[in-house]
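> Please read through the structure below; I'll follow up with questions.
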Amino acid sequence: MKVETKNESCTIVSEEIENAIVLEGSPGLGLIGNIVGWLLVDDLKMREIGYIDSKYFPPLAVLYRGVAIHPFRIYEGEGLVLFLSDFILPSSVVYDMTNAMVKWMKRNNSKELITFNSVIVRQKSHLVAGAANSKDALKRLGKLDIPILPFGNINGISGTLLTRCAIENIPASCLFGEILTPYPDPRAAAEVVEVLNKMLGLEVDTEPLLEEAQAIESRLKKLAEKVHKTETPTTPTETPIYM
Amino acid sequence: MKVETKNESCTIVSEEIENAIVLEGSPGLGLIGNIVGWLLVDDLKMREIGYIDSKYFPPLAVLYRGVAIHPFRIYEGEGLVLFLSDFILPSSVVYDMTNAMVKWMKRNNSKELITFNSVIVRQKSHLVAGAANSKDALKRLGKLDIPILPFGNINGISGTLLTRCAIENIPASCLFGEILTPYPDPRAAAEVVEVLNKMLGLEVDTEPLLEEAQAIESRLKKLAEKVHKTETPTTPTETPIYM
Amino acid sequence: MKVETKNESCTIVSEEIENAIVLEGSPGLGLIGNIVGWLLVDDLKMREIGYIDSKYFPPLAVLYRGVAIHPFRIYEGEGLVLFLSDFILPSSVVYDMTNAMVKWMKRNNSKELITFNSVIVRQKSHLVAGAANSKDALKRLGKLDIPILPFGNINGISGTLLTRCAIENIPASCLFGEILTPYPDPRAAAEVVEVLNKMLGLEVDTEPLLEEAQAIESRLKKLAEKVHKTETPTTPTETPIYM
Amino acid sequence: MKVETKNESCTIVSEEIENAIVLEGSPGLGLIGNIVGWLLVDDLKMREIGYIDSKYFPPLAVLYRGVAIHPFRIYEGEGLVLFLSDFILPSSVVYDMTNAMVKWMKRNNSKELITFNSVIVRQKSHLVAGAANSKDALKRLGKLDIPILPFGNINGISGTLLTRCAIENIPASCLFGEILTPYPDPRAAAEVVEVLNKMLGLEVDTEPLLEEAQAIESRLKKLAEKVHKTETPTTPTETPIYM
Amino acid sequence: MKVETKNESCTIVSEEIENAIVLEGSPGLGLIGNIVGWLLVDDLKMREIGYIDSKYFPPLAVLYRGVAIHPFRIYEGEGLVLFLSDFILPSSVVYDMTNAMVKWMKRNNSKELITFNSVIVRQKSHLVAGAANSKDALKRLGKLDIPILPFGNINGISGTLLTRCAIENIPASCLFGEILTPYPDPRAAAEVVEVLNKMLGLEVDTEPLLEEAQAIESRLKKLAEKVHKTETPTTPTETPIYM
């Protein structure tokens, strides 16, 4: 049975899943959270249990194997609950959205929150870094052999979830994939998944992301060669891939 | 008798037509939905049964044979109901508009929804593609010998209608005309109508669209030749065509 | 006695004039409606009977012979009521403004509405064109020996007045002056007045507009010659004309 | 005792001064109203009696001899009340602000309103022009030997005060200083003060403004010479003058 | 125990600290207030006692030694209370925020307010200047051997706090660090802290700021040399420093 968690800007329409570890993946630089989320759904065969609705979201449906689905969905599986969005949340909604999600977690006695983000670096070195919303939560990250991001800002829903969870005493942490550019980076997402595997004792296979990365890289390489030889079209368009 | 379906942003003022198949045509890239809609009205001699009103619409009237009409009208005929708009809906209205339309469909026990859209391609190949809002709805499209658009985003009211209908268990599908540029493409609209004919057992004649396409293409060709020979005026204006 | 016709965005403060023919002149391309309106006020010695007030109007007063007057005024005379504004209405107010005006007309049993607009052409041919809000209203225009504008959009309050009057069964028509540029065109306004004279059996003298047109044209000609000879100032300013 | 005059957007917090002549000086092109206002405060040793507060004002304090003061203040002295602001009022507040001021004037039985503005000219000739909100008010200006500005728009709070006072039968006039550029012009402000002296029988000394004007002109002259000789800095900054 | 001080736009959630001297440090040109605030927290080992929450703040968390903290925090220590923010307050929130802070101060009987700001100069001379919200408050600054900024505008929350405190009879002053550019200037912040030490009888060590300044200056010098020799990268990215 679906339950509504409502406030001024948005409504969570979802089944209640108690005692879960909650993951949040929304698009950001490198698209890390979104790529990680889609892989988890596929690999862990997670079940869609609801969605978030808001009149302040951009008008949009997402196609998945030809079927239009909500752009912000909620999944569950293996004791995890995943909030997965396919669009960048308008800043003005983030505050209320965060409140609704934390209210949901509180009511469902969620164990902890893990959110995904990225950090732009000049050269990849540690691949994944972490941060948390309390010293205790930070200690746990320390055991994962990843560096801690000591200073800086965490923008978007990642940031507000960390502080809002702190107020409600829900341990929360953030994994940052190192990226070189703002473009989608499945390889960085794969590294984040490897850390998540260690954190949660999962065995999610990152092979699909590495293949995707290779495909992107090879496409870019070919494009670069082509650009060298010929003139690029001024308005390149995308040929759709049909099923 | 006209009935009002009202919410915060808009009001549907329309007769009640029960058990209809609902079509939605609004302007988008290639103007597909709008061109298809106008052809259906003419060919099927559909009757205007209402309009949608909103203080958030741009101030605008549309001329039809010298008579000013509402920019968002509702027609019926041959068991079909058509929502036809002549302007791009402001994003902020789409949410409430979608809710009002789905409420209308629910109350009038509408059988299904078909919306029109476009997909920009480098080269036209399949001419028309499809998507739906459930696996069942998708199966039906499979019988039409058109490819399914597996991934991607559906923007605008097309997208939100698909997901909102899914929540209310109304089968819905979207037909995408392949276009090369964002400009009006009556030829692509004609292809969409051919598929619609097959889907609904109609015999709408697409000849007018093909003629229009030819006229546009010949005009563009002449313009290109002219541009070759002479200087183009810096502020080209449109000579109106009088009745 | 002045009566208030009020809604969320604006208030009409005006005397009640029953059974009038209502004219609406607001600035648009070519400034047709506004120029026509000012001429009617002068020629027909119309009396100011009210104004429209809105917190959404730009802060502005208009000087008339040294006296500051409301930027949106209402006049009456010879069985006519004229709504005359000297600024472009913000889009967001047009909906409520139209509703207030139509409510006023309904209550005062107004006979019909005539609004003024313009159509940009490459070359002036018919000088004035028309459109209406019903087939009956259109027939009347047919007797005036002016062409009917069959297709296109009517933007602004002209457009919404036509459709809103249609809902309330008030016959309404729009006269479009042909213009070559978006700049003020008193000659085109004069042509519109000639048609209006025929429509309403008036004898408004358009001479002042033709003089004004000549003055503008001669000024532009001189300017063109001057530009030929010397350098134009980069920030040309306007010398005010004192009484 | 201070009294609040409140509406949706702003609150006047001020002592009540009855039967006063009310002056309004806010910054505009040439900064005329603001310069005139500051001179009156100094010369007439006017007493601060209140301020206007609004959440829609820009966040701002003004320093006066090292003390932070409200950016919109009210002063009184010699039977005058002066509304003086040091920032450009956001358009959206002008409507409510005007209503609050006129309400204050009505309640305090103010005798008349005088507001200050500017008119850009190619060449200064009459130095100051006038306009009013009724034929009677205009007559009085006629005695001052200044030309009347017959046509044109009065933007900002000057304009709305004139028409709003007309509705409430408060005589109001506007003095326009002639300016050549939009930059602060103390010399033009001095001319306006001379006319005001004649109007109200005051003897405000304009010498400080003429000195200021001379200082600005001499600074500009030096700058021009310097520009001739050397390269200008790309981001010129202002050295603050300490007490 | 934390108490809420709430209004339309924001909520202060904080312990009550009575009879404190309140400091306010928010980022502005030169980042003076923010740099001073962070140094005070570290040097005086101030304790976090609350935060300010608003749906109008940008979605953001700040990392401090790997732990996500609120972007607007409140600290106390040594009889001081510090309001410290790490982002530029949206103008639209400043009014309500100021009201909430002054309400908090009033209720907690705060002794005085000191806010930090900057003044751009061509050449640093006096290093720190001051202003206050009353003649009495100004006298106190006079004893500090710093110049008083006589005229000008104080933007942002600094400015509104000064005038709002004046209304509530809370003495308030502002210290301005002289800066040459809008970039972070720890050296200027150090000078402000030296004045604050004198004002409040503190012994805050500014050495960390001077080291930071030296680091920045040496980095800039190296960058300048590098730029001289080689081409600069078009999109320089920041390597994160791990703990």
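The values are calculated or read from the model by the stated rules, or taken from the named source; none is laboratory data. What you are looking at is a predicted structure, and each value in this text was computed from that prediction instead of being measured. Don't worry about glycine lacking a Cβ; one is built from the backbone with ideal geometry, like all the others, and counts go over all protein chains shown.
> For region B:200-212, enumerate the residues that are over 14 Å from B:Trp38 (Cβ atoms) and in contact with a helix residue (DSSP H, G or I) (Cβ under 8 Å, 6 or more places away or on another chain).
B:Leu202, B:Glu203, B:Leu210
> Continuing with the same structure: Determine whether B:Leu89 is more than 12 Å from B:Cys10 (Cα to Cα), in contact (Cβ under 8 Å) with a residue 12 or more places away in the chain and of a type in the set (A, V, I, L, M). Lay out the reasoning, then the answer.
Details: more than 12 Å from B:Cys10 (Cα to Cα): no; in contact (Cβ under 8 Å) with a residue 12 or more places away in the chain: yes; of a type in the set (A, V, I, L, M): yes.
No: the conditions fail for B:Leu89.
> Out of (1) surrounded by 19 or more Cβ atoms within 10 Å (Cβ to Cβ); (2) within 14 Å of chain D (Cβ to nearest Cβ), what's the single condition that is false for E:Thr181?
Answer for E:Thr181: the failing condition is (1).
> While we're here: Given the condition polar (S, T, N, Q), under 30 Å from C:Ile114 (Cα atoms) and either buried (at least 17 other Cβ atoms within 10 Å of the Cβ) or modelled with pLDDT of 95 or more (or both), answer yes or no: does some residue in region B:82-92 qualify?
yes
> State whether the residues of region E:195-207 include one that is closer than 20 Å to E:Leu80 by Cβ, more than 14 Å from chain D (Cβ to nearest Cβ) and basic (Lys, Arg).
Yes, there is a match, as at least one residue in region E:195-207 is closer than 20 Å to E:Leu80 by Cβ, more than 14 Å from chain D (Cβ to nearest Cβ) and basic (Lys, Arg).
> Can you tell me how many residues in region C:145-176 are of a type in the set (Gly, Ala, Ser), facing chain B (nearest Cβ under 7 Å) and either in contact (Cβ under 8 Å) with a residue 40 or more places away in the chain or part of a strand (DSSP E or B) (or both)?
The number of residues fulfilling the criteria is 2.
> If you don't mind, another one. Please verify whether region A:93-107 includes one or more residues that are within 14 Å of the chain's Cα centre (by Cα) and within 14 Å of chain B (Cβ to nearest Cβ). Spell out the reasoning first.
As a first pass, look at region A:93-107 and keep what is within 14 Å of the chain's Cα centre (by Cα): none.
No - not one qualifying residue is present in region A:93-107.
> So, in region C:108-121, of the ones that are within 12 Å of chain B (Cβ to nearest Cβ) and of a type in the set (A, V, I, L, M), which residue ends up farthest from C:Leu23 (Cα to Cα)? Lay out the reasoning, then the answer.
Narrowing region C:108-121 to residues within 12 Å of chain B (Cβ to nearest Cβ): C:113, C:115, C:117-121.
Keeping just the survivors that are of a type in the set (A, V, I, L, M) gives C:113, C:119-121.
On the way: C:Leu113: 6, C:Val119: 19, C:Ile120: 22, C:Val121: 24 Å.
Once the filter is applied, the top-ranked residue is C:Val121.
> Determine whether D:Ile154 is over 15 Å from the mean Cα position of the chain (by Cα) and within 24 Å of D:Ile21 (Cα to Cα).
For D:Ile154, the condition - over 15 Å from the mean Cα position of the chain (by Cα) and within 24 Å of D:Ile21 (Cα to Cα) - is not met.
> Quick one: which residue in E:Leu113, E:Leu202, E:Leu196 is modelled with pLDDT of 95 or more and crowded, with 24+ Cβ neighbours inside 10 Å? Walk me through how you get there before you give the answer.
On the way: E:Leu202 fails: crowded, with 24+ Cβ neighbours inside 10 Å; E:Leu196 fails: crowded, with 24+ Cβ neighbours inside 10 Å.
Criteria check complete, one pass: E:Leu113.
> Name every residue in region B:137-158 that is under 16 Å from B:Ile120 (Cβ atoms), out of contact with any Asp or Glu (no Cβ under 8 Å at 6 or more places or on another chain) and among the small types (Gly, Ala, Ser), in order of residue number. Please lay out each step first, then the result.
Of the residues in region B:137-158, the ones under 16 Å from B:Ile120 (Cβ atoms) are B:147, B:149, B:151-156, B:158.
Still in the list and also out of contact with any Asp or Glu (no Cβ under 8 Å at 6 or more places or on another chain): B:147, B:149, B:151-152, B:154-156.
Those that are under 16 Å from B:Ile120 (Cβ atoms), out of contact with any Asp or Glu (no Cβ under 8 Å at 6 or more places or on another chain) and among the small types (Gly, Ala, Ser): B:Gly152, B:Gly156.
> Suppose we keep only residues that are at pLDDT below 90 and closer than 20 Å to A:Gly30 by Cβ within region A:122-143. Which one would you say is nearest to the other protein chains (Cβ to nearest Cβ)?
Within region A:122-143, the subset at pLDDT below 90 is A:125-126, A:140, A:142-143.
From the residues that got through so far, the ones that are closer than 20 Å to A:Gly30 by Cβ too are A:125-126.
Details: A:Ser125: 8, A:His126: 7 Å.
Checking each candidate, the answer is A:His126.
> Counting only residues that are among the hydrophobic types (A, V, I, L, M, F, W, C) and closer than 21 Å to A:Ile154 by Cβ, give me the strands (runs of 3 or more DSSP E) lying completely in region A:1-86 with at least 1 of them. Working first, answer last.
Numbers: elements: A:2-6, A:11-15, A:21-25, A:47-53, A:60-64, A:67-69, A:72-77, A:80-85.
Ranges flagged: A:21-25, A:47-53, A:72-77, A:80-85.
> Looking at region A:63-102, which of its residues are more than 22 Å from A:Asp42 (Cα to Cα), out of contact with any Asp or Glu (no Cβ under 9 Å at 6 or more places or on another chain) and not hydrophobic (A, V, I, L, M, F, W, C)?
Step one: filter region A:63-102 for residues more than 22 Å from A:Asp42 (Cα to Cα), giving A:89-102.
Then keep just the ones that are out of contact with any Asp or Glu (no Cβ under 9 Å at 6 or more places or on another chain); that gives A:89-94, A:97-100.
A:Pro90, A:Ser91, A:Ser92, A:Thr98, A:Asn99, listed by residue number.
> Could you please give the count of residues in region A:26-51 that are farther than 14 Å from A:Ala190 by Cα, among the small types (Gly, Ala, Ser) and in contact (Cβ under 8 Å) with a residue 60 or more places away in the chain?
2
> Just the residues that are farther than 22 Å from C:Glu168 by Cα and buried (at least 24 other Cβ atoms within 10 Å of the Cβ), please, taken from region B:63-81. Show your work before the answer.
Our first condition is that a residue be farther than 22 Å from C:Glu168 by Cα; within region B:63-81, this holds for B:76-81.
Passing the criteria: only B:Val81.
> Further, regarding this structure: Identify, by number, the condition in (1) within 9 Å of another protein chain (Cβ to nearest Cβ); (2) surrounded by fewer than 24 Cβ atoms within 10 Å (Cβ to Cβ) that B:Lys45 doesn't meet.
Unmet condition: (1).
> Do the conditions hold for C:Gly37, that is, is it crowded, with 21+ Cβ neighbours inside 10 Å, at pLDDT below 95 and within 21 Å of C:Ile216 (Cα to Cα)?
On the way: crowded, with 21+ Cβ neighbours inside 10 Å: yes; at pLDDT below 95: no; within 21 Å of C:Ile216 (Cα to Cα): yes.
Taking the combined requirement at face value, the residue does not satisfy it.
> Can you tell me which residue is nearest to the chain's Cα centre (by Cα) among those in region A:157-178 that are surrounded by 24 or more Cβ atoms within 10 Å (Cβ to Cβ) and over 14 Å from A:Ala131 (Cα atoms)?
Here the residue is A:Ile157.
> Any chance you could count how many residues in region B:149-189 are more than 19 Å from A:Val62 (Cα to Cα) and touching a Ser or Thr at 6+ places or on another chain (Cβ under 6 Å)?
Of all residues in region B:149-189, those more than 19 Å from A:Val62 (Cα to Cα) come to B:179-189.
Checking the rest, the ones that are also touching a Ser or Thr at 6+ places or on another chain (Cβ under 6 Å) come to B:179.
Selection size over region B:149-189: 1.
> I've got another one for you. Suppose the filter is under 28 Å from A:Leu210 (Cα atoms), buried (at least 23 other Cβ atoms within 10 Å of the Cβ) and modelled with pLDDT of 95 or more; does A:Glu24 pass it?
Working: under 28 Å from A:Leu210 (Cα atoms): yes; buried (at least 23 other Cβ atoms within 10 Å of the Cβ): yes; modelled with pLDDT of 95 or more: yes.
For A:Glu24, the condition - under 28 Å from A:Leu210 (Cα atoms), buried (at least 23 other Cβ atoms within 10 Å of the Cβ) and modelled with pLDDT of 95 or more - is met.
> Only one of A:Gly37, A:Gly30, A:Gly66, A:Gly79 is away from every other protein chain (no Cβ under 12 Å) and touching a Leu at 6+ places or on another chain (Cβ under 7 Å); which?
Being away from every other protein chain (no Cβ under 12 Å) and touching a Leu at 6+ places or on another chain (Cβ under 7 Å) holds for just one of A:Gly37, A:Gly30, A:Gly66, A:Gly79, which is A:Gly37.
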